[in-house]
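Here's the structure we're looking at; comments come further down.
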Amino acid sequence: MIGFITFADRLSAWFGKAFAWLILMMTLGMSYEVIVRYVFNAPTPWALDVSFIMYGTLFMMGGAYTLSRGGHVRGDFLYRLWQPKTQAKVDLALYILFFFPGVTALIMAGWKYAARSWGYGEVSVNSPAGIPIYQFKAVIVAAGILLFIQGIAQVFRCIHAIRTNVWLEAEEDVVETEDLLMREADKAERDHHI
C-alpha cells in the first residue's frame, strides 16, 4: 500500500509540476497579446482561445497533484476536530460513494467527447483563427485517469489511518513563503537560545 501511495504521489507531482510551466507560457502569450494589441494596434485572433486551452489544461492536469497534497476545498469545521481514524472512515465512505463514480463518469464522458473531437478535427467556433481543440478534449481523459490513480492512493491512506490513527503525508515539495519564514524565524530563535 505504501509503495503505491508513493508511486501515485510522485506521478501526480510530476504531472502537476510539468504542467505548471503553462503558467509561464500563458504569461508570455498574454503579454505578447497586450503589446501587439495596445502598442501596435494589431490584436491576434488566437490569444484568447490559446489562453483558455492552457488554463483549462493546467487546471485539469493539476487536480491529482492537488488531491495528493490535500489542497482541494474542504468544509472541515467539524472534520478537523476528529481523530485521524474517524476522518479516514468518513473520507473512505466519500471516496467510494462520490469520488470514484464521479471520476469514472469524467473518464467515460471525456473519452466519448475526445474520440468524437479527434474524429473530425474539432476547432474552436469562438475563434476567427479556428484554433484546434481536439487535443484539449484528450486532457479530460488524462486528468481523469490521474485522479483515479491518486484516488486509489487516497483510499490506501484512509486504510492506513484507520489502522494506525495517523495520516501518511505526501512528501513536502512546495512550501508557502510565510511557512518558510516562520521556520527560519523559529530556527534562528532556537539557535539564539543555544
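Each reported figure results from applying straightforward, stated rules to the coordinates on display, with no laboratory input. Remember, predicted model here, so these are calculated numbers, not experimental data. Methodologically, a virtual Cβ is constructed for each residue, glycine included, from the backbone with ideal geometry; neighbour enumeration extends over all protein chains shown.
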ask   = Which residue, chosen from ALA88, GLY130, THR104, occupies the Cα position most advanced towards the positive end of the dipole of the range 43-194, where the dipole is computed from +1 (Lys, Arg) and -1 (Asp, Glu) charges on Cβ about the Cα centre?
value = THR104
Electrostatic dipole magnitude of the chain [Cβ: Lys, Arg +1; Asp, Glu -1; Cα centre; debye, to 20] = 760
query = At a Förster distance of 25 Å, what's the computed FRET efficiency of ALA105 paired with TRP167, Cβ-Cβ distance as r, to 0.05?
reply = 0.35
note = For LYS187, the aspartates and glutamates lying under 18 Å Cα to Cα, once residues fewer than eight places off in the same chain are dropped, come out as GLU176, GLU178, ASP179
ask   = When ranked by the protection proxy of mean other Cβ atoms within 10 Å per residue, highest first, what sequence do the peptides 170-180, 124-134, 45-55 form?
value = 45-55, 124-134, 170-180
inquiry  = Normalised by the empirical 2.2 N^0.38 Å for globular proteins, what value does the Cα Rg of the chain take?
reply    = 1.31
key: Sites TYR32 and ILE2 - FRET efficiency at Förster radius 45 Å, r taken between beta-carbons, to 0.05   = 0.45
note = Per-residue Cβ contact counts at 10 Å, fewest first, order LYS89, LYS187 as LYS187, LYS89
inquiry  = Compute for the range 92-194: radius of gyration divided by Kirkwood radius, i.e. Rg/Rh, restricted to C-alpha atoms, rounded to two decimals.
reply    = 1.25
ask   = Which lysines have a Cα less than 22 Å from the Cα of LYS137, not counting those fewer than 8 places away in the same chain?
value = LYS17, LYS112
query = Of THR177, THR27, ALA114, whose Cα points farthest to the positive end of the dipole of the chain (charges on the beta-carbon: +1 Lys, Arg; -1 Asp, Glu; origin at the Cα centre)?
reply = ALA114
task = Report the residue, chosen from PHE148, PHE100, PHE77, that carries the largest GNM mean-square fluctuation when the chain is represented by alpha-carbon nodes joined by springs under 10 Å.
result = PHE77
message = As an exercise, take the mean of 1/r over every pair of distinct alpha carbons in the range 51-152, invert it, and state the Kirkwood radius in angstroms.
response = 15.5
query = If the chain between ARG74 and ASN41 were fully stretched, how many nm would it gain, using 0.36 nm times the residue separation less the Cα-Cα distance?
reply = 7.4 nm
key: Long-range HN-HN contacts of VAL123 with modeled amide H, under 5 Å   = ILE133
